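K.L.:
The structure that follows is given in the form of C-alpha cells.
The values are calculated or read from the model by the stated rules, or taken from the named source; none is laboratory data. Predicted model, so just to flag it, every value in this text is computed and none were measured. Every residue, glycine among them, receives a Cβ derived from its backbone with ideal geometry; neighbour counts consider all protein chains shown. Only protein heavy atoms, including side chains, enter the accessible area calculation; ligands, DNA and RNA are left aside. Shrake-Rupley method; radii C 1.70, N 1.55, O 1.52, S 1.80 Å.
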Amino acid sequence: MRLRAPVAAGLALALHIACSSTTPAATAPPPDPPLEPTATQQAEAERLLTGPDWYRHAIFYEVYVRSFQDSNGDGIGDFKGLTSRLDYIKSLGVDALWLMPIMKSPFKDSGYDVADYDALLPEYGTDADFQELIAQAHSRKIRIFVDLVYNHTSDLHPWFQESRRGKDDPKADWYVWSDTPSAPGNACGTFNAAQFGESAWQFDEQRKQYYYHRFYPGQPDLNFANPDVVKETLAVTRRWLDKGVDGFRCDVIGLLFESDTRAQCGVLQPRTAEYIRKLRGVLDGYPDRAMVAESVLFESPAGYYGTGKDMFHMAFDFDFGYQWGIVFNSETRASLDRSFAAHKGYPEGAQSALVIGSHDVARAFTVAQGKEWRHRRASEIQLLGRGTPFIYYGEELGLRPGTARVVDGRDSARTPMPWTKKEPGHGFTTGAPWLPFGDQAGTTSVEAETGARGAMLSHYKSLLALRRGRAVFGTGAMDLVDVGNVSVFAFTRSNAQEAWLVAVNLTESQQSGSAELPGTRAELALGKGTGSREGSRVTLDLPPTESVVLRLR
Ligand code: NOJ
Ligand code: CA
C-alpha cells in the first residue's frame, strides 16, 4: 500500500494523547456495539439514497420469494408473504431487494426458465399483489430489482414453441438452431456439464434440428443476432420499468453472444457489449434506475462497466465471493489482496456488487466449514469493503444448509426462512413447506436471534448500523494495508471526511501487526481486537479469529 505522508510529529503526539485508544488488553469485555444507527446517520442515509447515485450507498438483499414467507398455507412463499416481512427487512437497514425470477415458469431452474416475460408466477400471486409489494416497499424506501433472464427462455415459452415449428416460421431464427450439434462461431459448450448436462445441443424432433442451450435442455438460448429478439427484449425491459421496478439483476448477460474460440468462452463479446449499451439506454430513460450484471464466473467484471457510464451500474465481484472461503484455509491474505487490487483497474464510476453467498453457491456456513467466525469476518469485508453489498436472505442468521432436493442440488442453500422457533412451519408457513428447512432452523430463526447477544443477526445489525449513512463505505477509496503479517487482511476506507481501518485475523491464533496510517485517531468501533496509535503508526493486536474496525480520522 502507498502510505500517506505522516502527520508532523509534534501534532501527532498531541493528538495521540488526546485521541488514541491505547487501552491495554481489556479486563472487562468491551460494550456491545450499537445495533441501530443514530438519527444523524439515518438522516444522512436518506440523503445519500436520494438521486441517481443511490445504489452506491444502498444495502441490497437477495430474496428467493418461494422460500421467504408463505401467506396462504400452500407452503410456497409469495408476494403477500414478502410484503408482510418488509418491516423486518427495513429493520436490518436494507434499501433494495433483488427478487430471484418471479415470471411465469415451469420452474425447471427455479424460474431461470421463463415461459412468459409479462406474466407472474401464479403461485407467487397476482399482478395486484405484486403492485402492492412495490407500493409497500416504496413507502418504506425499499427499492425493488427483478431478475431479467435473457440469455435463454423456457422451452415452453411461446417463442420457442413457434420457433421449433419449422424453418419457415416467423420466429424460426429466434433461437440458435443447427443441423449438427455444433455451429460455426460458437465454441462454447455447456456451462457446467455436471449440473446442466453433457451436451449443449439438443435434437428437437419437431424441427429436426439441434438447438443450443447453455444451461438445462429446457432452457434454449435466444438468438441475439436476430434484431427482433433485441427489439422484443428491450420492450420487455420497458414494460417492467413501467410496472414500477427500480432495476434489474441481469442473469448471465455475458453469454448472449458466444465466442468462436474455446479460450474466449465466457469473455464478454463486443456484440454483447453493444446490446448492454442499448439496455442501459432503456434504463436511462427512467429516473434513478440501475442494473447489476451477473458477470461470468472468474472473468474480470471490468468489461461490464464500459466507460463507467454506458453499461452496467454494478457487476458482481465473484472473485471475492470465491476467495473468501479460501483465505481462511491458506491463512494468508494474498488472494484477497489480489482480488481487491483488481478493482483499481475498473473504469471510474464502476461500483462492485459484493457477495459472500447467493442462490447458486453453498451457504456461508458451509463455505466457512462450519466455523461461524469465518462467516463473520467475511461479512465484515463484504459490508465494509469497496462496493455495494448484496446479502443473500438468511445469511444474516447464519442459516445452515438443507439436505432435501426438489429443483436441484442448489436447494440446499435455498431453504425456507425460519421466522420462529416453532416447528413445523417456523412462521414461514401454516402448511407443509415446499422444501424442508435447513438444519437447526429453530435456533437460527429470527425469533431466536433477535436481541440475542452474540447472535449472527446482532453481528449483522451492528455492522449495518456502523455503515449506515457513511458515504465513505459506499464510495470512499479502499487501500489495502500491509501490517507486516500475511495472516491479517487489512484495508482502509477513506474520503475527505473520514478514514477507517478494517483488520481481520485469518487464523485461530493471536496475530499482531502495525502500519503507518492516515489520521490521528485509532478509536475502536467494532471487533474484539485492539489498536493503538503512536504518531502515524497504528499497532494492532488481534485475538484468535477476531477483527477490529478502527476510526482513524
Ligand atoms: C445464473 C443463475 O444465477 C442460475 O441460478 C441459473 O441456473 C443460470 N444463470 C441459468 O439461468
Ligand atoms: Ca403461498
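K.L.:
Explain nothing, just the number: relative contact order of the chain, from Cα pairs under 8 Å at least 6 residues apart, as a whole percent. It would help to have the intermediate numbers written out before the result.
P.N.:
On the way: 1231 pairs, mean separation 93.5, N = 553.
Reported relative contact order: 17 percent.
K.L.:
Using a 7 Å offset from the Cα along the Cα-to-Cβ direction at both Arg239 and Asp408, what is the distance between the two label points in nm, to one decimal?
P.N.:
With each label placed 7 Å out from Cα toward Cβ, I get 2.6 nm.
K.L.:
Here's another thing I want to ask about it. With a cut-off of 8 Å between alpha carbons and a minimum separation of six or more residues, what is the relative contact order of the stretch 178-232 in percent?
P.N.:
Over the stretch 178-232, the number comes to 29 percent.
K.L.:
Is the shape of the stretch 448-493 rounded, prolate or oblate, going by the alpha carbon gyration tensor and its root eigenvalues a ≥ b ≥ c, with a/c under 1.5 for rounded and a/b larger than b/c for prolate?
P.N.:
It is oblate, given that a/c is not under 1.5 and a/b is not larger than b/c.
K.L.:
Output needed: percent of Cα pairs per 20 Å distance bin for the chain, bins running from 0 to the one holding the longest distance.
P.N.:
Once binned at 20 Å, the Cα pair distances of the chain give 21, 53, 23, 3, 0.
K.L.:
In the chain, with Lys and Arg counted as +1 and Asp and Glu as -1 at Cβ, which of these residues, Tyr212, Ala315, Gly254, has the Cα nearest the positive end of the dipole, that is, farthest along it?
P.N.:
Checking the options against the dipole of the chain, the answer is Ala315.
K.L.:
Quick query: amide H of Met291 versus all other amide H atoms, modeled in the peptide plane; which residues come in under 5 Å with a sequence gap of 5 or more or a different chain?
P.N.:
Phe248, His313, Met314
K.L.:
Which lysines does Lys422 reach when only Cα atoms under 30 Å apart count, and residues fewer than 8 places away in its own chain are ignored?
P.N.:
Straight-line reach from Lys422, under 30 Å: Lys80, Lys90, Lys371, Lys461.
K.L.:
Take the Cβ-Cβ distance between Asp482 and Gln369 as r, set R0 to 35 Å, and report the resulting FRET efficiency rounded to the nearest 0.05. Numbers along the way, then the final one.
P.N.:
On the way: r = 27 Å, r/R0 = 0.77.
Here the calculated transfer efficiency is 0.85.
K.L.:
Here's something else I'd like to know. Can you give me the % of accessible surface on the stretch 60-209 that is carbon or sulfur? Probe 1.4 Å, all protein chains present, nothing else counted. Intermediate values should be presented prior to the final figure.
P.N.:
Details: 2730 of 5610 Å².
With neighbouring chains kept in place, the figure for the stretch 60-209 is 49 percent.
K.L.:
Just how large is the dipole of the chain about the Cα centre, in debye to the nearest 20, putting +1 at every Lys and Arg Cβ and -1 at every Asp and Glu Cβ?
P.N.:
Details: 59 positive and 68 negative charges, 293 e Å.
I would put it at about 1400 debye.
K.L.:
What whole number of Å gives the distance from the Cα centroid of the stretch 263-324 to the Cα centroid of the stretch 432-446?
P.N.:
Their Cα centres are 35 Å away from one another.
K.L.:
In addition: At 1.4 Å probe radius, can you tell me the per residue accessible area of the chain in Å²?
P.N.:
38
K.L.:
Ok, one more. Across the stretch 147-278, how many lysine pairs, 8 or more positions apart or on different chains, have C-alpha atoms separated by under 19 Å? Please give the number. Present the calculation step by step, with values, prior to reporting the outcome.
P.N.:
On the way: Lys167/Lys208; Lys171/Lys208; Lys171/Lys231; Lys231/Lys243; Lys231/Lys278.
For the stretch 147-278, qualifying lysine pairs total 5.
K.L.:
Moving on to the next point. Can you tell me the length gained on complete extension of the stretch Glu534 to Thr507, counting 0.36 nm per residue apart and subtracting the Cα distance? Can you show the working numbers first?
P.N.:
Numbers: separation 27, 0.36 × 27 = 9.72 nm, distance 2.61 nm.
Here the segment from Glu534 to Thr507 would lengthen by 7.1 nm.
K.L.:
When the accessible area of the stretch 213-276 is computed with all protein chains present and a 1.4 Å probe, what percentage of it is carbon and sulfur?
P.N.:
Numbers: 1130 of 2220 Å².
Of all accessible area on the stretch 213-276, carbon and sulfur atoms account for 51 percent.
K.L.:
Quick one: how many Å² of Leu35 are accessible to a 1.4 Å probe, rounded to 10?
P.N.:
70
K.L.:
I would also like to ask the following. Can you classify the stretch 145-268 as rounded, prolate or oblate using the Cα gyration tensor, where a ≥ b ≥ c are the square roots of its eigenvalues, rounded means a/c under 1.5, and otherwise it's prolate if a/b beats b/c and oblate if not? Present the calculation step by step, with values, prior to reporting the outcome.
P.N.:
Working: a/c = 1.82, a/b = 1.27, b/c = 1.43.
Cα axes put the stretch 145-268 in the oblate bin.
K.L.:
Further, regarding this structure: Roughly how many nanometres apart are two label points built 7 Å out from the Cα toward the Cβ at Ala341 and Lys278?
P.N.:
Computed distance between label sites Ala341 and Lys278 equals 4.0 nm.
K.L.:
Please give the solvent-accessible surface of Val355 in Å², to the nearest 10, using a probe radius of 1.4 Å with every protein chain present.
P.N.:
Surface open to solvent at Val355 totals about 10 Å².
K.L.:
Find the centroid of the Cα atoms in the stretch 61-100 and in the stretch 149-192, then give the distance between the two in whole Å.
P.N.:
Using only Cα atoms to place each centre, the spacing works out to 34 Å.
K.L.:
Would you mind telling me the share, in percent, of accessible area of the stretch 480-553 contributed by carbon and sulfur at probe 1.4 angstrom? Display every interim value, and only then the final one.
P.N.:
Details: 1080 of 2340 Å².
Of the solvent-accessible surface of the stretch 480-553, carbon and sulfur hold 46 percent.
K.L.:
Between Glu46 and Glu232, what is the spin-label point distance in nm, taking each point 7 Å from the Cα along the Cα→C-beta axis?
P.N.:
Roughly 4.6 nm, to one decimal.
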